[in-house]
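The values are calculated or read from the model by the stated rules, or taken from the named source; none is laboratory data. None of the values given here were measured: they were computed from a predicted structure. So basically every Cβ, Gly included, is an ideal-geometry build from the backbone, and we count neighbours across all protein chains shown.
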Amino acid sequence: MATIHIDGKTYEAKAGENLLEAILSQHLDLPYFCWHPSMGSIGACRQCAIITYSDENDTRGRIGMACMTSVTDGMRVSVEAPLAKDFRSTVIEWLMENHPHDCPVCEEGGECHLQDMTVMTGHSMRRYTGTKRTWENQNLGPFIGHEMNRCITCYRCVRFYDEYAGGTDLAAFGSRGRMYFGRFEDGTLESEFAGNLVEVCPTGVFTDKPFAQSYTRKWDLQSAPSICVGCAVGCNVFPAERYGDLKRITNRYHGELNGYFLCDRGRFGSHFVNHEKRIKHAGVRTRSGDYEFGDVSNAIKVAGATLRDGAIGIGSPRASFENNFALRELVGAENFCTGIIEAELEVIKTALDVISRQGIVVPSLKQVEDADAILILGEDIANTAARTALSVRQAVRTKSFEMATDAHIPTWQDAGVRGHAKSEKSALFIATPATTRLDDIATQVTSGSVSELVAFGSSICTKIRSSTASSDDFAGRVASTLRTAKAPLIITGSSLQSIELVQVAANICFALQEHDQPSSFLFVPAEVNSVGVSLLEGGLSLSTALQRMEEGKAAVVLENDLYFRAPAESVDSALGPGNFVVLDTLENRTAEHASVVFPAATYAEQTGTFVNYETRAQRFYQVFNPQDEIAPAWLWLSQLAETLGTGATWESYASVLDQCAEHTYSQLREIAPSSDYRIGTTSRIPRQSHRYSGRTAMNAQVNIHEPKAKVDTDTPFSYSMEGQNPGDQNGATIPYVWSPGWNSNQSVFKFQQEVAGKLAGGDPGLRLIESNGAQLQYFDVETPELSRRDGSFEVIPLHLVFGSDEMSNQSWPIRARVPAPFVLLSQQDATNLGVKSGMGLKVEGITESLEVQVDSRLPSGVIGLPQGLAEIPQREIDRVHLSVDQEFVVRTNVNPEVIAKG
Amino acid sequence: MSLQDTKPLIGRVQEVGGLVTLSDYEAGGGYTAAQKGLKQMTPSEIIDLVREANLRGRGGAGFPTGVKWGFAKGEPQTPGYKYLVCNGDEMEPGTFKDRYLIEFNPHSLIEGMILGAYAIGAEKAYVFLRGEYHEPNRQLARAIAEAREKNYLGRSIFGSDFNLDLRIHLSGGRYICGEETALLNALEGKRGQPRYKPPFPPASGAWGRPTIVNNVETLCNVPAIIQNGAQWYQDLGLTEDAGTKIYGISGRVNKPGLWELPMGTPIRELVDDHAGGMRDGYKLRGILPGGASTDYLVEEHFDLPMDYKTIQDAGSRMGTGTMILMDDSICPVDMARNLQHFFAQESCGFCTPCREGLPWVEELLADIENGNGKDGDLELLDQNALYIGAPGNTFCLHATGAIEPLQSALKYFRDDFEHHIKHKSCPYRKS
């Protein structure tokens, strides 16, 4: 620690951190642009000028940039000195020479860091009288708007996109006062992290394009703390609503998980909430096959009749823990099915067993970034848990920070650290079937069929265990690197549905433990609550459940399109009798067959809990009141229980949570405060900002009187602007970030204990599974049969960040990014078959011909089929035959809906 | 007594009356210094000798070359790990000395680089050459090929275990690439933007490795120092700075050009004796002593000797030692505008004061020059000059250099600026 003197006051700071961080960590105000808490300093904008004094006798001092100044013990600085203030105001005046005066029509207005900093410096009169530079903007695809005239050349966009996220298609062009930030030509930004540009850009150059389609000022948005439903990472998000529509998603800082960044599936994947296919009313299927809406009590009555003679319940990995619990209560544990296909469920359960073993560390994403040797076994994490891949991308920089420290370069001096390390990286080994978007930073990659990957993993394990590990082959190199690393990490997942892969990954961890090495194990499940629902004991497997339904057993299907999970033939058979009730958010093929459908709330319209890959249970809160008859599934299930006279009933979220915690994990009560939590003694936390202007205006055409705000009995929040959002409350209860003078998302530092550290009130969530002390025990991995090469092809499921997720696929911006159906083929097989990328192949069992994409890494004899595309149904596919379709015409991915939206 | 005894840089050029070919160079004792250095001296001895000779960087900053080399000495000795880079990106307005050296005496640069690379332990060296220098490029490329042929470059030079691979990198053409860290970025194929220091290039330079960047003229001095010793070199200078310097003059003199003269030759001697004095009808008003990015010197300074310390004490910088003369027919406001146009255009665009401040300054000057100046414009210029120019306010020293001629013009020629604003016209314009 160091003692520093700022304007005559004494503060404690960390020696060696930069002064800007130290000042902001004290929650003092100092304007800045180019520095970013996750990306460090480069010294480009010169906005954070302060005066540094050489000693106590120095009264003049000199201007220095806080972001480029290391904290040293006893240092004296001034933020408030007139010279510093005048210089900072001059920097704004320079930036304003060319900045348009378009705040009223700018999407950033009201949450613009440039506006905030301009006001903060006091600059108000422009003395520059010349013309302003102007640019042509680019069409950067469906996610990101581009308005270059507003650019202040802080370089944050390219630093994030290229250096932090590994993108290659955004660059700084030109020089001097003619810097341009864009692509080399119009086109969709390729990186799945492009959406972060919206938050990284301090002004309105890069904006949220879908949000702009039905724009609302930040201060008119209603929001609450929530969890992204895009995958199992559990990134914290702020969904924001107005007029009953979910308008946008922004990052909600979590020190251990997402930090400052989200992936684009998360940011743009939630527009399904406003989908025209939303089920808004309870409906009973008539003889004609249509649904009759409008009579809720009749729907409940008919559902009751359907379920009268006992029913099974099919839960869902995308439904909340409480909703799954409520279903299990209704049908009984022995009749409850998680809704996950067995092959995947077994993989998850194996992983949960591994996690509970002694000494196994499940790393948070922050811990992932500290790993110095990573093995990725099987899982294409850039597609299945994209935010994790972004952390792995930072982990390979561990070595560069060590090199920088040795060279006395401060680790926050970003350009210096990168420049000094050049291409030196920490070890990253990737063993996956095909090319991944982390290959560019990998030390070495290998490909294989699932069985080959298992064999590769076993070989690593054997070599770690044998005392004479040599690095003469790839497995040996991985083994010796992991054995000597300070923080080795093994990453695997469920997407290949191979239990052996998880076992062998665990065995590697165990082998490392035998050598007294730390062993971190990161297992990537598929969906937001895959872990949560797997923790709820259920007596039925999905195939048994489908079998029962086929036999005529009544069922309740909760938030689950079965066609998305099980082979179409078996689902067809199961749904045939039509003797089941569906609770869901969107119309889908499963709901089409139900006798009764109930409109379930999406995550944005209810309060609940999701359990992420770490087993971290996190609370998400209702952002807005759902329309029409939409209600949380547990409430419908409670009403069904009442009708049936069996199972539990609940009046409020608090009561369902209470019982759920009692029957499952008591920690569920502690992950977030209860509904009686108050700021001070009386204040609720407002979902609306204090400038929220719409309550009287919104329905003025109907009634000019202000409607009464809904009273929230479930949570500590209010549905109004009344209350306090002080910043130091429990970390799980931050509905938006704002602080006086800080209208943009940059205000988040006022909610943190220190810059980029924990939230002042703690990072949200608690892990449900910690080590139970059980000793490590090697799995006896059955060495799978190696692929036969008999002219047929082994099928490997490919997961796409845009296209393989059930709900985000229904979000219109994402749909614009979902590729046309394709088949991934190895170079050798393509040659043998006489096809090239862009040509057509018929895949046995799939009606439509698929476009060939040749992958340089895929082994021959193996093909990849993308999951989640309507044209490629879920099936039990083991091996298939291929034939060339000479007539094939490439489909362009032009989505009429997207065109209509602009 | 040969011309080379007093003019180590271009004496041989004058002796042969033009391009010094390999045979000319060898006949004049060329490559014997390199042979002596590699065979009889340790790297440390060479560094010590250069330090003792008090050779200072001729690119403009005047940093002692031996000291700089010493920074890279202790670094890892893996062969080929370090780099020597010759800064031949001569883009300073009014400066053409390096061009002359490379074009007419390319082997002296090669020999200097052999010695420099050996001294710091580099086995790879680059000449980063201004992109427009077509003829120097041709001559240097040919000279490098000749030197390779003779095994002055390549493996086991002079039978020693020292190897050197020397290559030319032609610049894409930006003034800022003359700044050594921007040069390294450009050399690596990146944007030509300066790097933050520390780390300094001797610690982490090209491709993250220890790198020494020296100016062409600096390196050309080295063979003679090795050959003749430190004392001889020190004795060449007239003042406390050692050696000779290539001085140049552009402007309305009778004989513009460049001359190798003892360090510390007085300004007036340069103008009157070597450049033949001002042309008839023109009176000298001010000079930019070391290129466009140095403060003006005026009448009161014309008797000063041109060396690092004297010129610095006079409020300017020796810079490249190639002067631009402003006579009484030139409008100081227009000249300031012209210079600021250059510097604004050559800003790399990285930091705000330089990128946004210099174009504003240019615009203000253009307004004043064109009769559109307003009350307050001079104060605005003063404020901008203060905030843009103070070292540390900007990321690198480009803007600091840009402001030097402006702030001194505002000081020495303020009447001219005020006259423009008051009378809304430029008195120097004839019409």
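Structure values in brief
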| item | result |
| --- | --- |
| Sole residue being more than 14 Å from every other protein chain (Cβ to nearest Cβ) and either acidic (Asp, Glu) or in contact with a His (Cβ under 7 Å, 6 or more places away or on another chain) (or both), chosen from A:Thr398, A:Thr384 | A:Thr384 |
| Helices (runs of 4 or more DSSP H) completely within the stretch A:395-483 that count 3 or more residues being free of Cβ contacts under 8 Å to residues at least 40 places away in the same chain and of a type in the set (D, E, K, R) | A:398-406 |
| Residue match in the stretch A:269-285 (condition: β-branched (Val, Ile, Thr) and over 29 Å from A:Lys247 (Cβ atoms)) | yes |
| Matching entry among B:Leu378, B:Leu406 (being more than 10 Å from every other protein chain (Cβ to nearest Cβ), assigned to a helix (DSSP H, G or I) and closer than 24 Å to A:Arg178 by Cβ) | B:Leu406 |
| Sole exception among (1) in contact with a strand residue (DSSP E or B) (Cβ under 6 Å, 6 or more places away or on another chain); (2) more than 9 Å from every other protein chain (Cβ to nearest Cβ) for B:Asn393, by number | (2) |
| Extreme residue, surrounded by the most Cβ atoms within 10 Å (Cβ to Cβ), among residues of the stretch A:8-33 that are aromatic (Phe, Trp, Tyr) and assigned to a loop (DSSP other than H, G, I, E, B) | A:Phe33 |
| Scan of the stretch B:387-399 for residues that are in contact (Cβ under 8 Å) with a residue 24 or more places away in the chain and not aromatic (Phe, Trp, Tyr), ordered by number | B:Ile388, B:Asn393, B:Thr394, B:Cys396, B:Leu397, B:His398, B:Ala399 |
| Filter pass, A:Met39 being surrounded by fewer than 23 Cβ atoms within 10 Å (Cβ to Cβ) and touching a helix residue (DSSP H, G or I) at 6+ places or on another chain (Cβ under 8 Å) | yes |
| Per-region count, the stretch B:193-207, residues within 8 Å of chain A (Cβ to nearest Cβ) and either in a loop (DSSP other than H, G, I, E, B) or crowded, with 21+ Cβ neighbours inside 10 Å (or both) | 6 |
| Selected residue (criterion: nearest to A:Glu587 (Cα to Cα)) from residues of the stretch A:547-572 that are over 31 Å from the mean Cα position of the chain (by Cα) and not charged (D, E, K, R) | A:Ala555 |
| Matching residues, the stretch A:155-178, being within 9 Å of chain B (Cβ to nearest Cβ), buried (at least 19 other Cβ atoms within 10 Å of the Cβ) and assigned to a loop (DSSP other than H, G, I, E, B) | A:Tyr155, A:Ser175, A:Arg176, A:Gly177 |
| Scope the stretch A:29-48; condition farther than 21 Å from B:Cys348 by Cα and either at the interface with chain B (Cβ under 9 Å from one of its Cβ atoms) or among the hydrophobic types (A, V, I, L, M, F, W, C) (or both); matching residues | A:Leu30, A:Met39 |
| Residue check for B:Gly18: assigned to a loop (DSSP other than H, G, I, E, B) and either within 30 Å of B:Pro391 (Cα to Cα) or in the same structural domain as B:Glu146 (by TED's automatic domain parsing) (or both) | yes |
| Matching residues, the stretch A:80-108, being away from every other protein chain (no Cβ under 14 Å) and surrounded by fewer than 18 Cβ atoms within 10 Å (Cβ to Cβ) | A:Glu80, A:Pro100, A:His101, A:Asp102, A:Cys103, A:Pro104, A:Val105 |
| Selection status of B:Arg355, in contact (Cβ under 8 Å) with a residue 12 or more places away in the chain, assigned to a helix (DSSP H, G or I) and out of contact with any strand residue (DSSP E or B) (no Cβ under 7 Å at 6 or more places or on another chain) | no |
| Yes/no for A:Ala434 being out of contact with any helix residue (DSSP H, G or I) (no Cβ under 9 Å at 6 or more places or on another chain) and either surrounded by 22 or more Cβ atoms within 10 Å (Cβ to Cβ) or not assigned by TED's automatic domain parsing to the domain that holds A:Pro866 (or both) | yes |
| Identity of the residue in the stretch A:239-288, among the polar types (S, T, N, Q) and assigned to a loop (DSSP other than H, G, I, E, B), that ends up surrounded by the most Cβ atoms within 10 Å (Cβ to Cβ) | A:Ser270 |
| Condition check for A:Thr118: part of a helix (DSSP H, G or I), surrounded by 17 or more Cβ atoms within 10 Å (Cβ to Cβ) and away from every other protein chain (no Cβ under 11 Å) | yes |
| Yes/no for B:Asn163 being touching an Asp or Glu at 6+ places or on another chain (Cβ under 9 Å), of a type outside the set (Gly, Ala, Ser) and either away from chain A (no Cβ under 11 Å) or closer than 27 Å to B:Tyr133 by Cα (or both) | yes |
| Scan of the stretch A:704-719 for residues that are in contact with a Phe, Trp or Tyr (Cβ under 8 Å, 6 or more places away or on another chain) and small (Gly, Ala, Ser), ordered by number | A:Ala709 |
| Qualifying residue in the stretch B:215-230 (condition: among the β-branched types (Val, Ile, Thr) and either touching a Pro at 6+ places or on another chain (Cβ under 7 Å) or at positive phi (or both)) | no |
| Test: residue in the stretch B:386-404 that is surrounded by fewer than 24 Cβ atoms within 10 Å (Cβ to Cβ), farther than 22 Å from A:Met65 by Cβ and in contact with a Ser or Thr (Cβ under 7 Å, 6 or more places away or on another chain) | no |
| Counted residues, the stretch A:49-72 - those being part of a loop (DSSP other than H, G, I, E, B), in contact with a helix residue (DSSP H, G or I) (Cβ under 9 Å, 6 or more places away or on another chain), away from chain B (no Cβ under 11 Å) and of a type in the set (Val, Ile, Thr) | 1 |
| Candidate set: the stretch B:336-373, residues that are of a type in the set (Gly, Ala, Ser) and out of contact with any Ser or Thr (no Cβ under 6 Å at 6 or more places or on another chain); chosen: the one nearest to A:Glu97 (Cα to Cα) | B:Gly357 |
| Criterion violated by B:Tyr31 - all others in (1) touching a residue at least 40 places away in the same chain (Cβ under 8 Å); (2) under 20 Å from B:Leu261 (Cα atoms) satisfied | (2) |
| Residues of the stretch A:619-656 satisfying the condition of being part of a loop (DSSP other than H, G, I, E, B), more than 25 Å from the chain's Cα centre (by Cα) and under 23 Å from A:Gly765 (Cβ atoms) | A:Ser652 |
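Each row is one residue, and each column tells you yes or no for (1) over 33 Å from the mean Cα position of the chain (by Cα); (2) among the small types (Gly, Ala, Ser).
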position: A:Gly43; (1), (2): no, yes
position: A:Cys67; (1), (2): no, no
position: A:Thr72; (1), (2): yes, no
position: A:Phe87; (1), (2): yes, no
